Each structure stands twice: as structure tokens, then as C-alpha cells.
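For reference, the structure discussed in these notes is given below.
The values are calculated or read from the model by the stated rules, or taken from the named source; none is laboratory data. Note that the structure is predicted; figures quoted are calculated from it, not measured. Here Cβ is always computed from backbone atoms with ideal geometry, including for glycine, and neighbour counts include all displayed protein chains. All accessible areas refer to the heavy atoms of the entire protein, side chains included, with ligands and DNA or RNA removed. Shrake-Rupley method; radii C 1.70, N 1.55, O 1.52, S 1.80 Å.
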Amino acid sequence: MAGCGASADPERYRMAERLLPDRLAGTVRNDQLSFHWLADQDRLWYRRDTEEGWEFVLADPASGAREPAFDHSAVAQALATFLGRAIQPSRISATRLAFGPGASTVVLHLVDAIVTFDREKGAVLDLRRPPDRRGLLVSPDERRAVFRREENLWLKDLRTGEERALTDDGLPYFSYGKLPDYSMMTVLARNARMSLPPVGAAWSPSARYVVAPRLDERALREYPIMQVGRVPGGAPLAHTIRRPVLGDRGDLFASLFVFDFATGEKREVVPPPGWPELSHAALTNSAVDSGTWSSDETTLYVVWGTNWSRRAGLIAIDIGTGRARVVIEETAQTHLDLNLSLANAANVRVLRDGAEVVWFSERDGWGHLYLYDGTTGEMKRQLTKGPWAVFDIIHVDEPGRRLIFSAGGREGGDPYQRRVYRVSLDGGEPVLLTPEAADHMIPGRSAMALAMIFGATTPPSAVSWSGRLFVDVYSTLDEPTVSVVRSLTDGGVQYQLERADASALWQTGYRPPEPFVAKAADGETDIYGVVYWPPDAGGEEKFPVIDALYGGPQNAVTPHNFRAYAARNLFGPAALSQLGFVVVTLDARSTAMRSKAFHDYGYANFGDGGLADHVAFIRQLGERHPCIDTGRVGVYGFSFGGYFSARAMLRHGDFYKVAVSMAGSHDYHGLYPMLSKHHGRPVYADGSAIRPDDSAIPDNYRELNNSTFAADLSGRLLLIAGDLDENAPLAVTLQFTESLIKANKTFDLLVMPGHDHYSMVGHPYVVHRLWDYFVEHLRCEKPPPW
């Protein structure tokens, strides 16, 4: 290692910049493809990458044929005339293709045009501008749409343009289909003038009904957000939002309403006896996420949650009366999850018009699927079992009585790698359909609330229209993505669609991370992580190590497939390793996607967050690799990772020497009550869960506050926060700095003016400051000028 005060090698920085995720985007061809089955046959279309750009193709696995989905040159020429600008055939950017019967015609949906193309004649039949659908929730027959105007719902006839009000009693903070201020992106939505469809609303298949929530935020406190950057005239701009804070008496609730367009009636859904209105816990995985209508549309089945996330049920709503009954109920003493990933919809499926229900539960210690009688609510059988976890339901073939799902850990090896299985609804062992030891990347359905708020999309079905075939996309950390069509009977490969070309990526000098397994602090539990090695590892030099952590309880962040090169959530660990660091990331106990015991480790023990496991993991890595200097260890993280990186310095200061904490949630008593799902209800001195006064701190949350341990800080700490961050407000970071100041501790602070929680991810200035901080304080080198 160069001595303290030596200048860092600028070439290392240039190499690091080349390996940032944004720079690597597009270097791998045919890596991230989206496949779409035709509605009436076992053919599918997708957009593939070429040297010039991309092309849309139509593939037939039965014959092995593949052909252009349309004549790119003819469409480009017609578009150029229509739009008045040059269009390259290899740059036609359709967001959706809709094929006619027999695929004789295809309709291309572009951002600024809709093209109808006759594939048999090779000619463009029609060109028109797309309708403006911003803010509209369009009916399945595309004849009508529901939208919000001020605090009420309106109905628009898309043929005539006629509009009429569906409600007239909406009030500020007591309105229909509103994006909750609790969404943690209210200021962003206001500043961007986002026009969202009614949040949480859904049409029935026949378009006769709409179900929509009315949000009640009136009892919530007013929470100020002060914008100091990107303001005209220089004066700060105050934003006021309404949000619950842990211990508040007020909470966010929603009532569901049914709008019947045949009768003109509006009916409020009456919750089952003993069940409250929808709480904020339910809204994070919206009630109609798993909504299923009976074939005659007399019943709507929804997943219903209660506050504190200790109780969930499948509720059947009588559309004619609005009354609801409980079909299945589940309770838990700790986490209650209907999917191991917060980002994905509940693993619940209603079958045979409600006669049967597939339900997800961790009651036996692992996430598994159960079949229930939908009439009596009695369990018929456990469909999956064993020391492994179901991730997502992919498809249910009701006539064939079989269910397709993804899971991890059943085949041994890496338990986070997804495999695909088939299981009979009538019982029997699951059948493995994807034998390769790889991550089979069939995504689950996005939670509706996340899809509508954050722009996530529900992926197209991996299973063909006939139910005979499915698309499997898989890779490992060092083997590029392969996309194939498989049989749902035995998993046999019927057709290879694409094999990703990573030659341009290899030319950048990128090296995939290396998987590493070590024991947790208990000496028994396997912890899985990856290591990013610096380019000159293996010589005489000993390298400092940096822990890129997250630690959030709602997911796992360690990469397990080839797309690690494009991951932005960890701020480009492959790039950081080029500066002369060994960078590790791992998922310790208390994170998701493993057993319930693994997840519950952090319950009511959230402040540890598996940090002892991180220390144990890095120590074992150092024992196996002499080039690692475990006397120089740094740590960084964002959001939950911002909290835990600062926490690592406070609670494990003998091990961690330098930390960069970004957008950290340093005091959960000053934040929204979401953590109660993972740490338990607050308990104040009087035994209640309601704050007796503003100065009171719940006994079981006191030690979660990083300020409690401010006097224990040693080493170097950089705190980074945005003034518009609603997830981890700037006030929480500043309150932590106040404690550090009172303890006479030296630290560094960077405030990003005009930035919210998300806009800091991968921001060049934040990345450069992070790099410089570790180079200066962990390698004892002087960073080069930018």
C-alpha cells in the first residue's frame, strides 16, 4: 500500500468510472428481454438486440422458425412521413405489439404513434396519434376510464369525451383514489406534476364495476419538508405533507367503494365483523393486489390486512350488498408475509370461482403453499413443504390441476437462486422444471401499489396460451443470460430464443463478483455473499475491504445472476473495487428470502440487523485470503443501509474504521410506523402503544436510535442526505448530527439540495464523494482532482 499522503492513481479512477452501472448499460446484448405470448397460439414475440439497434421478432417454438414481427423499413418510412422526422428501422421503439388473428396483422404502440401493419401484404394500413391516457384508469374494453379531479372520482367516455362525476363528497385528505402522502414521494409527485390514475382502484373484467378506496388522512400530523435547492429566487420552499409517525394516535385508513355502472349505485364495502378498515400496512400491498372476480362478477376476493401486519385474510366481497366475509385468516406473532419479497404481490390465487384458494404461509417455518376449501375455509392440503422457500406463484393451470412456482433452496447450493417447479393441486411432490444450477429469472407480479406509484410493471406471463410451454431466462454470476422455451410437462428445452452476448462487457475490464459462503456469528448458519476483487489482487499488496450493505428486512440484495453488472442499488461495487478495495456484499440474518427463523432473527432486535454476521463473514474471508487486510474495513449503505452503516461504526467501532452513510433512517421513532412490522408495536412507559406526549420515546425503540450511541463513534463517518427525502427525512439525519456534536465527535456531512430519496442513487457527485472518502481515509491516499 502507498504511504499516507501519497496520491491515488488517476488510472484507477478512470477504470472505476468505466465500470459504473450506468456506463455498462447496453454492453450486453440480449440480456434483459421481455417475452410475450400470442393470445391464441404457442407463438411469442420479443425485441432482440442487434449491432445496429434492435428488431422485433415473432418466434414459433414448434417449427423453430423466427421471423420479423413486421417490415421494419416499411414502418420506419411511414413513421418518418407521419412524424416529420427521420426514423431508423433499427430504432423503432414500440412499447407493445398486438397481433390480430393468425398474426396476419400487428398493431405497434409507440410513444407518439399507433401503427397498424398488414404482415401478409407488407403494408401499413393505419397511422394515428395515441390518445392521451395520463391519469386515466382505462376499462378492459377501452371504452371508458376513471380519473381523479381534485378529491373526487370522475368517469370519462373515451369515444365521446363526455365526463361525469362519480363522487361529490371528496374533501382534502378525505378523498378517493389519492396517492397517500405516506407514499414517501408526495413532494416528488407535486414538483413533477405527476398525473396518476386513481391509486388502488380496479375495474371488473366486464367493465361494469370499479372498486376504489377513499383515503382518510385527516387525523395524521402535518409534517414539514423544507426544500432549499432548486427553488426560484433562493428562498426555501416549505412542503407540508400528512404522515403518521411512530406512536401517533392518528393513522391512515381507507374504505373501499364499489361503483356499479349498470345501476348507477355506489356501495361502501362493509368489513367483516372484527376487521377494521384498511390500514396503512395493508395499503403497502394494496387490498386489490390479488383481487379476483367471480365469473358472474357477484363476488370480489381481496387480500385484507390489518395494522401492525400481524393479521391477514382473504375476504369475499358481495358486490350487490358491499358486505364482506372472511374466507381464510392468518395471524402471526412476528412478521406476517404473503410473499417473501415486499415488492411482489401476495402469493394468493382464487380458483374455480372461489371453490378453492391457494394460500401462502410461513407457519411451518418456511414459505410454502397451501390449498384451501374456499367455501368452508378449511385447509385441504399443504402443496409444498420442506426446508426451502417458495418465492412466487407463476401460473395456475386450473383444468390441468397444476401450479407453477419459483422457489429456492430445494436443490441444495445457493438458496437464493430461483428454480421453477410444477406441483399438482391434488397432492404429490413438486417436479423440477429447470435443472441448471443458475438463477432462473422469472419475475413475480409487482405489488399493485408499487406498480402504480413507482412505475413497476406486471411482467407478461411466462406460460404460453395453451399452458404447454413457458419461457425460462437464466444465468449465473459469471455466465451470461440464456433464454429458452421449455415444456411444462418435464422442463425439456423446446427452443433456444437467445444467448446473451457479453463480449463488449468483457472488453471494459469488468470481472464478475465471486460467490462466497461463510458462517454467521452463531457459527452455524450459512451466510451468502459475493466478493468484488480489485484488478491487481493476488500479488503482495494487502487490500482494505469495504462492506456494501443494505440490511433491510423486506428483501435480499446480494446478486446471484449475471445482471450484477447493471445493479445500481449498491452504487456500483465493481467500480469501487477498481480503486484498490475488496468489496463485499451479503445478506445476513434478519433479511428476507430464507427461513422464517432467519428473518425473525432481527424481530425486536432490529438495531443489530445482522451486523455481527457481517463482521464474522469478513473475518472468515480474511482468514481464507491473505491479501485482505481486516484491520482496514469500511462500510457504506443507502436507506436502511445508511442506518446500518452508521450503526456499524457505533456498535462495532473496533472493526469498522470508515463509513459513508447515505439517506439513513437513524431514528425510527421519528419516522413512519412501517418498522413496527419488523420490531413490534411501540411500548411507552405507561404500557400503551400511543405516545403520551411529543417528548416520550417508547422503551423498546430507544436503543434503535443511533443518537443513543453517538458518544461511541470512532473512526471517520460521512453522512449524506437530501433535503426532499420523505423516506428518511433530512431532519432525522440532522438530529443525529446534533447528538454527535453534543458528544464532541468529528464527522462529515453532505446535504444534496433539491434531491429526494431516489434521485441520490447513483448520482455522480455522491459516488465521487463516496470514492474519495474511502481512498483518503481507508487507503491513506490523496484523491486526484476531478
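Yes or no, residue by residue, for (1) in contact with a Phe, Trp or Tyr (Cβ under 8 Å, 6 or more places away or on another chain); (2) closer than 22 Å to Arg769 by Cβ; (3) not in a loop (DSSP other than H, G, I, E, B):
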position	(1), (2), (3)
Ala696	yes, no, no
Leu717	yes, yes, yes
Ala721	no, yes, yes
Ile741	no, yes, yes
Asn744	no, no, no
Leu750	no, yes, yes
Being among the aliphatic types (A, V, I, L, M), under 27 Å from the mean Cα position of the chain (by Cα) and either at pLDDT 95 or above or crowded, with 22+ Cβ neighbours inside 10 Å (or both) is the requirement here; does Ala212 meet it? yes
Need a quick list: helices (runs of 4 or more DSSP H) entirely within the stretch 579-676 having at least 3 residues that are open to solvent by 20 Å² or more (accessible area, probe 1.4 Å) and charged (D, E, K, R). 611-624
What tally of residues in the stretch 728-757 results from selecting those that are crowded, with 20+ Cβ neighbours inside 10 Å, out of contact with any His (no Cβ under 8 Å at 6 or more places or on another chain) and within 23 Å of Gly572 (Cα to Cα)? 2
How many residues are in contact with a helix residue (DSSP H, G or I) (Cβ under 8 Å, 6 or more places away or on another chain) and surrounded by fewer than 10 Cβ atoms within 10 Å (Cβ to Cβ) when one looks only at the stretch 215-238? 0
Filtered residues of the stretch 521-551 (kept if surrounded by 20 or more Cβ atoms within 10 Å (Cβ to Cβ), on the phi < 0 side of the Ramachandran plot and under 26 Å from the mean Cα position of the chain (by Cα)): Ile527, Tyr528, Gly529, Val530, Val531, Tyr532, Ile546, Asp547, Ala548, Leu549, Tyr550
Can you tell which of Arg66, Arg48, Arg85 is of a type in the set (D, E, K, R) and touching an Asp or Glu at 6+ places or on another chain (Cβ under 7 Å)? Arg48
Subset of the stretch 188-198 [open to solvent by 10 Å² or more (accessible area, probe 1.4 Å), in a loop (DSSP other than H, G, I, E, B) and in contact with a strand residue (DSSP E or B) (Cβ under 9 Å, 6 or more places away or on another chain)]: Ser195, Leu196, Pro197
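Could you tell me how many of the residues in the stretch 758-786 are part of a loop (DSSP other than H, G, I, E, B) and open to solvent by less than 70 Å² (accessible area, probe 1.4 Å)?
Here the count works out to 10.
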Can you find a residue that is in contact with a helix residue (DSSP H, G or I) (Cβ under 6 Å, 6 or more places away or on another chain) and either modelled with pLDDT under 95 or open to solvent by 40 Å² or more (accessible area, probe 1.4 Å) (or both) anywhere in the stretch 56-75? yes
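Do you know which residues across the stretch 218-257 are of a type in the set (A, V, I, L, M, F, W, C) and in contact with a Ser or Thr (Cβ under 9 Å, 6 or more places away or on another chain)?
Within the stretch 218-257, Ile225, Ile241, Leu246, Leu252, Phe253, Ala254, Phe257 meet the criteria.
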Tell me, please, whether a residue that is more than 32 Å from the chain's Cα centre (by Cα) and surrounded by 15 or more Cβ atoms within 10 Å (Cβ to Cβ) can be found in the stretch 712-722. yes
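Restricted to the stretch 344-391, and to residues that are acidic (Asp, Glu) and modelled with pLDDT of 95 or more, which residue is surrounded by the most Cβ atoms within 10 Å (Cβ to Cβ)? Steps first, answer last, please.
So in the stretch 344-391, the residues acidic (Asp, Glu) come out as 353, 356, 362, 364, 373, 378.
Now narrow it down to the ones that are modelled with pLDDT of 95 or more: 356, 362, 364, 373, 378.
Numbers: Glu356: 19, Glu362: 23, Asp364: 14, Asp373: 14, Glu378: 9.
The extreme case among them is Glu362.
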Please note which strands (runs of 3 or more DSSP E) are completely contained in the stretch 311-406 and include at least 2 residues that are of a type in the set (Gly, Ala, Ser). 311-318
Please determine whether any residue of the stretch 352-374 is under 21 Å from the mean Cα position of the chain (by Cα) and of a type in the set (Val, Ile, Thr). no
For the list (1) more than 19 Å from Leu650 (Cβ to Cβ); (2) without any contact (Cβ under 8 Å) to a residue 40 or more places away in the chain; (3) of a type outside the set (Val, Ile, Thr), I need the number of the one condition that Asn744 fails. (1)
Working only within the stretch 259-296, note down all residues that are crowded, with 19+ Cβ neighbours inside 10 Å and modelled with pLDDT of 95 or more. Phe259, Arg267
Go through the stretch 138-187 residue by residue and tally those that are open to solvent by 30 Å² or more (accessible area, probe 1.4 Å), touching a Gly at 6+ places or on another chain (Cβ under 8 Å) and either assigned to a strand (DSSP E or B) or among the aromatic types (Phe, Trp, Tyr) (or both). 1
Only listed residue being in contact with a helix residue (DSSP H, G or I) (Cβ under 9 Å, 6 or more places away or on another chain) and more than 22 Å from His599 (Cβ to Cβ), chosen from Glu398, Glu362, Glu356, Glu378: Glu398
Select from the stretch 85-95 the residues that are open to solvent by less than 70 Å² (accessible area, probe 1.4 Å) and more than 11 Å from Leu108 (Cβ to Cβ) and list them in ascending order. Ile87, Pro89, Ser90
If Leu477 meets every condition in (1) modelled with pLDDT of 95 or more; (2) surrounded by 18 or more Cβ atoms within 10 Å (Cβ to Cβ); (3) within 29 Å of Asp337 (Cα to Cα); (4) out of contact with any Pro (no Cβ under 8 Å at 6 or more places or on another chain) apart from one, which number is that one? (4)
Can you tell which of Ala78, Ala39 is small (Gly, Ala, Ser), in contact (Cβ under 8 Å) with a residue 24 or more places away in the chain and surrounded by fewer than 18 Cβ atoms within 10 Å (Cβ to Cβ)? Ala39
